[in-house]
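Q: The following block contains the structure, expressed as structure tokens.
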Amino acid sequence: MELTFAEQMIIASDRRRARLLVAAVAEFDGRLDAGALRAAADAVCQRRPALTRALADRFGAAGWRLEADPAGPVELIEVTASGDGYWPAVDELLSGEFDPRRAPAIRMLLAHRPDGDAVALAAHHVIVDGRSVVALLAEILEAVGAAGTADAPAAARPPAAARSPLGQVVGAAARRAVGGAWRGARGALLARARVGARHVAPTGRPGTTGYLVAPLVLSVPATRPACADGGRPTVNDMLLAAAHLAVERWSAGRGRACGVLRVRMPAVTGGADQGGDGSELGNNTGQSLIFSRPADRADPATLLDRVREQSARIKAADVRTAAGASGAVAAVAAAVLRGWPRALLLRAAVEAARPALAPAAAVSNVGRVAPMAAGAAGPATRAVYFAATAGPPQGLMIGVTRTGERLHLTFCFHRAVADRVGAAAFAELFAAAFAEVAGRPEALAA
């Protein structure tokens, strides 16, 4: 089965040191049973075709292969925590290996807390998008109890493929040599072009792998400021504007002046009947870029006008799977080529263009999330978060959900871009920027 263009672009952008993942995190008002949760996850994976398929090769050149008997049960990690103390376990969940060559490429976390448990579901982005991962978690929770219970697997699943030790050593050495030479030459060229002014100033340790997440809760503004044309921005427009301000202020505080900033805005490419509501697992998300210049960011009101103008224009047009001129070129290449030539060309093009074309950040807003419950009479959700990952030089994904009059945000950083202290500091900058954009500089986090 051939990959869709969206899936091809995800695999072309995916790196072993920076996997592209999505996750849903739910906090409950009671305790959940690990065996029942594991059994529900296994049952849902068995009946969902999208979760019983695996890539035939690392680059997706040969497409998908269906596995009648997936490689093993869903991995469920159990921890004990208190309050927000479970988030480091979410970091580790997202930092683990997700191999799309074996099914199901998902992992789960159950954190037992005195004030109510928390559950996280993480999956490779080639399988599901933001709306789909939230819908998948809701489906698994609904199946709790009906699927019985399951014991923890005796051993971890084996890797999809194994080479001889000598082959692994030689392959790793070759990749380091070629990659080091390529990164050095590319870095020199990009430094001359001041490409770094387009991205978040990194404060993490170079070469570090893995992700970390900082959560934030904001109140939905009771009123929205009027724009220059008399219209009102959406909450998403305000979030995008706040992202531009926060990136600029973060970088300025670390000695880097920003030029033109671009923030990616994922948008649904199909309606509910095409799975755009998340009911059909897969990738129904396109990309659009929202730009701002230093003059726009000098005044929050001006910036909000600029963002609203662009987002309104984007919503009136067709949303593309890949944004910009580079996306158009990739679409042509994908339509003309097949198999290995297409897979290798797309990967080479993404690798070469990433430093210059990657946005500063992405704001992925999955919208309102309905309450969930574990089974017919089990604990109910108090909050649901969405998170996603991106590697350097972007290295920052801002996930957003809405429950009632509250916005639940996650700031997911690659560890090469920021450490835990830095991620929390950025979240504070974002909260202040959002309050300014909303015209309420005195109001910060909820």
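Q: Here are some residues: Arg338, Arg297. Which one is over 18 Å from Arg198 (Cβ atoms) and modelled with pLDDT of 65 or more? Step through it out loud before you land on a result.
A: Working: Arg297 fails: over 18 Å from Arg198 (Cβ atoms).
From the options Arg338, Arg297, the qualifying one is Arg338.
Q: With on the phi < 0 side of the Ramachandran plot, of a type in the set (A, V, I, L, M, F, W, C) and at pLDDT below 95 as the only criterion, which of Ala214, Ala222, Ala241 stands out?
A: Answer to the selection: Ala222.
Q: Among the numbered criteria (1) at pLDDT 95 or above; (2) part of a loop (DSSP other than H, G, I, E, B), which single criterion is violated by Pro153?
A: (1)
Q: Identify, please: which residue in region 33-57 is touching a Pro at 6+ places or on another chain (Cβ under 6 Å) and outside any helix (DSSP H, G or I) and is, among those, modelled with the highest pLDDT?
A: Only one residue tops the list, namely Leu55.
Q: In the list Asp84, Asp42, which residue meets the criterion of being surrounded by fewer than 16 Cβ atoms within 10 Å (Cβ to Cβ) and of a type outside the set (Phe, Trp, Tyr)?
A: Selected residue: Asp84, the only one of Asp84, Asp42 that is surrounded by fewer than 16 Cβ atoms within 10 Å (Cβ to Cβ) and of a type outside the set (Phe, Trp, Tyr).
Q: Under the condition of being without any contact (Cβ under 8 Å) to a residue 24 or more places away in the chain and not aliphatic (A, V, I, L, M), which residue from region 230-252 is surrounded by the most Cβ atoms within 10 Å (Cβ to Cβ)?
A: By that ranking, first place goes to Arg232.
Q: Looking only at region 354-380, which residues are assigned to a loop (DSSP other than H, G, I, E, B), more than 18 Å from Leu136 (Cβ to Cβ) and either under 19 Å from the mean Cα position of the chain (by Cα) or outside the structural domain of Arg402 (by TED's automatic domain parsing) (or both)?
A: From region 354-380, those assigned to a loop (DSSP other than H, G, I, E, B) are 358-360, 369-372, 374-379; that's our starting set.
Next, only the ones that are more than 18 Å from Leu136 (Cβ to Cβ) stay: 358-360, 376-377, 379.
Result: Ala358, Pro359, Ala360.
Q: Restricting attention to region 52-67, does a residue exist that is hydroxyl-bearing (Ser, Thr, Tyr), more than 20 Å from the chain's Cα centre (by Cα) and outside the structural domain of Gly210 (by TED's automatic domain parsing)?
A: For region 52-67, residues hydroxyl-bearing (Ser, Thr, Tyr), more than 20 Å from the chain's Cα centre (by Cα) and outside the structural domain of Gly210 (by TED's automatic domain parsing): present.
Q: Can I ask one more? Which of the residues belonging to region 385-415 are more than 15 Å from the chain's Cα centre (by Cα) and either assigned to a strand (DSSP E or B) or modelled with pLDDT of 95 or more (or both)?
A: Of everything in region 385-415, those that are more than 15 Å from the chain's Cα centre (by Cα) and either assigned to a strand (DSSP E or B) or modelled with pLDDT of 95 or more (or both) turn out to be Arg402, Thr403, Arg406, Leu407.
The values are calculated or read from the model by the stated rules, or taken from the named source; none is laboratory data. Quick caveat: nothing in here was measured; it's all calculated off a predicted structure. A quick note on method: Cβ atoms are made from the backbone with ideal geometry, for glycine too, and the neighbour counts reach across all protein chains shown.
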